[in-house]
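The values are calculated or read from the model by the stated rules, or taken from the named source; none is laboratory data. If you're wondering where the values come from, they're calculated on a predicted model, not measured in any experiment. Glycine also receives a Cβ, built like all others from the backbone with ideal geometry; neighbour counts cover every protein chain displayed.
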Number of protein chains: 4
Amino acid sequence: MPGPKNSKWFLDYLTPEEGHMHGINSILYSKKTPFQQMEIMQTGSYGRCLVLDYKMQSSEVDEFIYHEVLVHPAMLMHPEPKKVYIVGGGEGATLREALRHKSVERAVMVDIDEEVVMMSKELLPEYHAGAFDDPRTELKFLDARRDLEETDEKFDVIIIDISEPVEEGPAYLLYTREFYEMINDRLTDEGAIALQAGTTAVGKLLNLTAVHKTLQEVFPHVVSMPAAIPSFGLPWGFALASKKNDPRAFTAAQIDEMIARRVNGELKYYDGECHLHSMTTPKHIRKAIEAQTLIIEDNAPIFTYN
Amino acid sequence: MPGPKNSKWFLDYLTPEEGHMHGINSILYSKKTPFQQMEIMQTGSYGRCLVLDYKMQSSEVDEFIYHEVLVHPAMLMHPEPKKVYIVGGGEGATLREALRHKSVERAVMVDIDEEVVMMSKELLPEYHAGAFDDPRTELKFLDARRDLEETDEKFDVIIIDISEPVEEGPAYLLYTREFYEMINDRLTDEGAIALQAGTTAVGKLLNLTAVHKTLQEVFPHVVSMPAAIPSFGLPWGFALASKKNDPRAFTAAQIDEMIARRVNGELKYYDGECHLHSMTTPKHIRKAIEAQTLIIEDNAPIFTYN
Amino acid sequence: MPGPKNSKWFLDYLTPEEGHMHGINSILYSKKTPFQQMEIMQTGSYGRCLVLDYKMQSSEVDEFIYHEVLVHPAMLMHPEPKKVYIVGGGEGATLREALRHKSVERAVMVDIDEEVVMMSKELLPEYHAGAFDDPRTELKFLDARRDLEETDEKFDVIIIDISEPVEEGPAYLLYTREFYEMINDRLTDEGAIALQAGTTAVGKLLNLTAVHKTLQEVFPHVVSMPAAIPSFGLPWGFALASKKNDPRAFTAAQIDEMIARRVNGELKYYDGECHLHSMTTPKHIRKAIEAQTLIIEDNAPIFTYN
Amino acid sequence: MPGPKNSKWFLDYLTPEEGHMHGINSILYSKKTPFQQMEIMQTGSYGRCLVLDYKMQSSEVDEFIYHEVLVHPAMLMHPEPKKVYIVGGGEGATLREALRHKSVERAVMVDIDEEVVMMSKELLPEYHAGAFDDPRTELKFLDARRDLEETDEKFDVIIIDISEPVEEGPAYLLYTREFYEMINDRLTDEGAIALQAGTTAVGKLLNLTAVHKTLQEVFPHVVSMPAAIPSFGLPWGFALASKKNDPRAFTAAQIDEMIARRVNGELKYYDGECHLHSMTTPKHIRKAIEAQTLIIEDNAPIFTYN
């Protein structure tokens, strides 16, 4: 039978009945921060990985998929995004992708967990690629919801790059209607937002569908974009919401042209054809979204993994 | 931390450095057939599953994705498929989907492993749903390659539903240029074929890209269709090859119309929008296909998992 | 590297940081009884195994060690045990060993969980070996503590064969000083008792040492007997307490003579030399027992696994 | 159910159907030396552990058991051991125990793998406790069998502290009759040797029983001493062979007196009572030794784990 070639394993329990196993070559960091359990491991299949609260957050090998699909569709919905706000995004890779857009003049990144950012800066240099030192970057270690509540500043794009809503974790109040309404208020007229919305696996669509429906309470255009992040062990989805432009209205050629004109360097995952792939969804996922009636609210949050 | 709620686990090693864990509720069958190790398990997340040579083949919860994307695009490439040939397909679900097409008059299914078919018939009734007893079905337990070599019959669609090419397994000579040439010869002029082509995970694209390139040696139209089968633990791909019609030329509306007219019952995964999703591929996968130069041949087969 | 030859595993978590893995060939039974989760599995290394609340209870291959060391030393402490009481002992193997003593006229077995006994009777015939049908056997499905409280009958030997004290499990009030005092009252003058007392692993001796000290509050002679039950994954200990005879006073020859005279059939684990092995303990375990000050009481129970 | 509190695990496959799981806190070293795969891990239950060829060799928490039972019985068989030879023993803990004997004037340690010794010296200071720097120590990095063949020197005690005989490992020719004969020739008249002899688990006694029988071909007194090393996941055995004194002839009081007079510091595992425990063996193990007919020879070696 096919056998393992490693004796050290990270067991990532996706649900109480399912997990993904990663061979571990070395553990570069493992510590409880004030907010969560943080680990950086070198794995056999995915290179250096960030693990928060025992769950894979991103891997050297496939983080480009996660960060490109999270950042670029939202950025392209705005004709000329100058000010970007990032909620979370500790590894710095979301910031890295946002800063590739030539129009960006200011990128505010607010992560509650300074230790995650500092250790990522030191141990995951390929992830941030110097983005923390970009003169356009402002980095703050705060509760992003409070930070946004207290500011009058408006942003063209807001990217929410946070872990899943778990009961004791720092993220679950960043998935509610009230939060999205406040986000909407901080966006300029052609603004857009994006976030990871959980797995698209059959029967595990609660998070994605409820986020989709909750966003529809606030934004005129909402799309759930499927994307395969192999290291996650399950298929994944990202939500894109836009105040003015409909993401589904763009052709592949238009997307390719905008990327060529507006983005520095070459993208690896996302382009015009991939945009069409991201805008189209298998039938059962669309049906599940349509059937969902739950709206996530501050006093009725949802929690994954139970 | 999120903890397991099961103490019995199926460890599906995807590579020597990666695996997927399924909580086991019960084991309905576990035996070495003359060709492979066969198991049918009831899992916590995916219901009843078929496992061959220690690898997940299909699960009650998401087999509809696998079998719909494998069968329907190929069937729709032909204007009126009357004769269908299935290589492998032991569970009977590929046969089930093919028989939904009203035009089908004859469906030949040839699986080398009678025990897999017989046990699936008994223990996986939701998979075949009576397809083995359909009067249009002819079931044979043979090496399909030899069976096709020895016949003069032509088919409109040939579906290859076999496990991955592993060194001691029964399948690796069904992935070669010589086999595809023979298949091509057994197809009618507007014929099409489809097969599962392995994972699309970053860095693990050898199988999919080599199959794609090998098919292009034989067929004018070849598409690699990404699809997420959650129980597989890695993102997956399917190859579609067609003698006459270009799969990418169809609109969503055309596909929806054809399904409505030609297919009995309601599909769960595949429709017009899903067709567009299947015809479009992330950039890095397309680049990997373009970069692949390997052609699989009888005397130069490839093996996954090593 | 040495690799597994099974893909189905029972993960027996011994502590939150340690576990033992058993290859599973088949699962014969898996159900929640009114008292606990019960499973009977066929494993690759240990044959048919009984698993309660996700923890190995006994295995076909090495249950003889567990049941011989639990039963025979206690039986031999009494010169002619006629009446035996068994607390728990669901598989029937403790009963089987007790009934091998020719002097026994009456054996009362009281297990709270009828389903465990009934399924063991059906699926573990090698364990009970007909003991349930012995005319000397009386089988009751009750809380043994209440049953003993309500009876005036006296017994020569009482064997406590129960699972470890876990917070929600049925057993933790059967490990307290009050229970042992009541047991003592139900014993005849030369009576003895035995029980499994948990692991002897370094640093995990709380259960064994506290049981030992608690028994010493009640009985004049208390011995902790180490024994290796391979399927348990950790070294184990058994407590023997006696009202009159000192277990350490017997020579190997005396034990061999008593076994030959008093016990039917041939023992596999226990004999005179093994008695000496059981009466002697590594230094660090004796030191840990001496250092223990905790007495287990009804209102101050202990729980393992935390 | 009892759940894990770690997501990083060392899976120590004991056989193809059985394993032991250790929660990993950190990996201090992981590298392929010229002779074997070497790892030093900090585990949740056992502190810092040495792992060679994917198998637990010794742990900070229970290495005292392994090294005391390996060294002291053999040392005490000789009335005044001055010259000691250690085969293997990379961590330095066997050397540490040998040097506690006041009579020792010279201790030669010969390990084939310099990297294991050097990394243990750096990362496992509690194991060697300065033994490598003792002026009585001579350390050589050679094949011990060749080293012993080429010397005329005689030793009072020879300790063989090597890993199990695996097919590609460095150790299997150090378990044969020819090797033991040569060892015997290098011993003084009252000399003794000791070695670890593999698990004593039911049905897995091939190694221990064959070693026992092979030693009996060469030495007049051979004893197999059971000992529980919890981190090993299975019960273990050690072989003691002596040219003149019978290990079983000593009383507990004699052993305690010799330890008090001859050994520096306080032992944790081994004393007079533990000696009796080590000299007595459960019946089924003795029966298995008696039934064994295999003699291990250079041209008929044995391999564990297959």
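If you go through the range B:262-286 and pick out every residue that is aliphatic (A, V, I, L, M) and either within 19 Å of B:Val202 (Cα to Cα) or part of a helix (DSSP H, G or I) (or both), you end up with 3.
In the range A:162-171, is there at least one residue being outside any loop (DSSP other than H, G, I, E, B) and among the hydrophobic types (A, V, I, L, M, F, W, C)? No. Output yes when any residue across the range A:12-24 is surrounded by fewer than 22 Cβ atoms within 10 Å (Cβ to Cβ), assigned to a strand (DSSP E or B), at pLDDT below 95 and within 7 Å of another protein chain (Cβ to nearest Cβ), and no when none is. Yes: one or more hits. Reported count of residues in the range B:172-195, each being outside any helix (DSSP H, G or I) and among the basic types (Lys, Arg), is 1.
Might you check whether a residue that is surrounded by fewer than 20 Cβ atoms within 10 Å (Cβ to Cβ), more than 8 Å from chain C (Cβ to nearest Cβ) and part of a helix (DSSP H, G or I) occurs anywhere in the range D:225-247? Within the range D:225-247, none of the residues are surrounded by fewer than 20 Cβ atoms within 10 Å (Cβ to Cβ), more than 8 Å from chain C (Cβ to nearest Cβ) and part of a helix (DSSP H, G or I). Looking at this structure, is A:Lys283 more than 7 Å from chain B (Cβ to nearest Cβ), within 16 Å of B:His277 (Cα to Cα) and free of Cβ contacts under 8 Å to residues at least 40 places away in the same chain? Answer is no for this residue. Examine the range D:266-283 for a residue that is β-branched (Val, Ile, Thr) and under 26 Å from D:Tyr175 (Cα atoms), and state whether such a residue exists. The answer is yes, given that some residue of the range D:266-283 is β-branched (Val, Ile, Thr) and under 26 Å from D:Tyr175 (Cα atoms).
Hey, any hits in the range D:270-292 for a residue that's in contact with a Gly (Cβ under 7 Å, 6 or more places away or on another chain) and in the same structural domain as D:Thr214 (by TED's automatic domain parsing)? Checked against the condition, which is being in contact with a Gly (Cβ under 7 Å, 6 or more places away or on another chain) and in the same structural domain as D:Thr214 (by TED's automatic domain parsing), the range D:270-292 yields no hits at all.
Condition first: touching an Asp or Glu at 6+ places or on another chain (Cβ under 7 Å), surrounded by fewer than 23 Cβ atoms within 10 Å (Cβ to Cβ) and assigned to a strand (DSSP E or B). Can you find one or more residues in the range A:196-205 that meet it? No: the range A:196-205 contains no residue that is touching an Asp or Glu at 6+ places or on another chain (Cβ under 7 Å), surrounded by fewer than 23 Cβ atoms within 10 Å (Cβ to Cβ) and assigned to a strand (DSSP E or B). On the stretch given as the range A:149-185, residues that are within 17 Å of A:Thr214 (Cβ to Cβ) and in contact (Cβ under 8 Å) with a residue 24 or more places away in the chain total 19. Evaluated against (1) touching a Lys or Arg at 6+ places or on another chain (Cβ under 6 Å); (2) more than 24 Å from D:Lys83 (Cα to Cα), D:Glu164 falls short on exactly one condition, (1).
Being part of a helix (DSSP H, G or I), at pLDDT 95 or above and not basic (Lys, Arg), is that true of even one residue in the range C:133-144? Yes; the residues of the range C:133-144 include at least one that is part of a helix (DSSP H, G or I), at pLDDT 95 or above and not basic (Lys, Arg). Look at B:Ala210 and say whether it is outside the structural domain of B:His22 (by TED's automatic domain parsing) and touching a helix residue (DSSP H, G or I) at 6+ places or on another chain (Cβ under 9 Å). For B:Ala210, the condition - outside the structural domain of B:His22 (by TED's automatic domain parsing) and touching a helix residue (DSSP H, G or I) at 6+ places or on another chain (Cβ under 9 Å) - is not met.
Against the numbered list (1) within 18 Å of the chain's Cα centre (by Cα); (2) over 15 Å from C:Ile296 (Cβ atoms), C:Leu173 comes up short only at (2).
When residues of the range D:287-298 are filtered for being of a type outside the set (A, V, I, L, M) and buried (at least 17 other Cβ atoms within 10 Å of the Cβ), how many remain? Number of matching residues: 1.
Residue by residue, here is whether (1) charged (D, E, K, R); (2) outside the structural domain of D:Leu240 (by TED's automatic domain parsing); (3) crowded, with 24+ Cβ neighbours inside 10 Å; (4) farther than 30 Å from D:Ala260 by Cβ holds:
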| position | (1), (2), (3), (4) |
| --- | --- |
| D:Ile40 | no, yes, no, yes |
| D:Pro73 | no, no, yes, no |
| D:Val84 | no, no, yes, no |
| D:Gly90 | no, no, yes, yes |
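Of the candidates C:Ile259, C:Ile289, the single residue that is out of contact with any strand residue (DSSP E or B) (no Cβ under 7 Å at 6 or more places or on another chain), touching a residue at least 60 places away in the same chain (Cβ under 8 Å), more than 8 Å from every other protein chain (Cβ to nearest Cβ) and not in a loop (DSSP other than H, G, I, E, B) is C:Ile259. I need the full set of residues from the range A:47-97 which are within 20 Å of A:Ala249 (Cα to Cα) and small (Gly, Ala, Ser), in order please. Scanning the range A:47-97 gives a single hit, A:Ala74.
Just checking, does the range A:92-101 include any residue being crowded, with 23+ Cβ neighbours inside 10 Å, at pLDDT 95 or above and at the interface with chain B (Cβ under 10 Å from one of its Cβ atoms)? So far as the range A:92-101 goes, no, none of its residues is crowded, with 23+ Cβ neighbours inside 10 Å, at pLDDT 95 or above and at the interface with chain B (Cβ under 10 Å from one of its Cβ atoms).
Scanning the range A:96-128 for residues that are of a type in the set (A, V, I, L, M), within 18 Å of the chain's Cα centre (by Cα) and over 17 Å from A:Arg262 (Cβ atoms) gives A:Val108, A:Met109, A:Val110, A:Ile112, A:Val116, A:Val117, A:Leu124. When the range B:148-168 is limited to residues that are at pLDDT below 95 and surrounded by 18 or more Cβ atoms within 10 Å (Cβ to Cβ), the one that is farthest from the chain's Cα centre (by Cα) turns out to be B:Val166.
This table checks each residue for (1) of a type in the set (D, E, K, R); (2) under 17 Å from D:Ile159 (Cα atoms); (3) out of contact with any Leu (no Cβ under 8 Å at 6 or more places or on another chain).
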| residue | (1), (2), (3) |
| --- | --- |
| D:Gln196 | no, yes, no |
| D:Thr200 | no, no, no |
| D:Leu205 | no, no, yes |
| D:His212 | no, yes, yes |
| D:Pro220 | no, no, yes |
| D:Val223 | no, yes, no |
| D:Leu234 | no, no, no |
| D:Ala239 | no, yes, no |
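Out of curiosity, is D:Leu195 under 18 Å from D:Leu70 (Cα atoms) and at pLDDT below 95? When the stated conditions are applied, D:Leu195 does not pass them.
The residue of the range C:248-264 that is surrounded by the most Cβ atoms within 10 Å (Cβ to Cβ), among those that are touching a helix residue (DSSP H, G or I) at 6+ places or on another chain (Cβ under 9 Å) and charged (D, E, K, R), is C:Arg262. Among the hydrophobic types (A, V, I, L, M, F, W, C) and surrounded by 24 or more Cβ atoms within 10 Å (Cβ to Cβ): does that describe D:Leu267? No, not satisfied. When B:Ser45, B:Ser7 are checked against the criterion of being within 7 Å of chain A (Cβ to nearest Cβ) and more than 17 Å from the chain's Cα centre (by Cα), a single residue qualifies: B:Ser45. Scanning the range B:264-280 for residues that are without any contact (Cβ under 8 Å) to a residue 12 or more places away in the chain and more than 7 Å from chain A (Cβ to nearest Cβ) yields a total of 1.
Table: residues versus (1) touching a Lys or Arg at 6+ places or on another chain (Cβ under 7 Å); (2) more than 24 Å from C:Ala194 (Cβ to Cβ).
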| site | (1), (2) |
| --- | --- |
| C:Lys31 | no, yes |
| C:Ile40 | yes, yes |
| C:Ser45 | no, yes |
| C:Tyr54 | no, yes |
| C:Ser58 | no, no |
| C:Phe64 | yes, no |
| C:Gly89 | no, no |
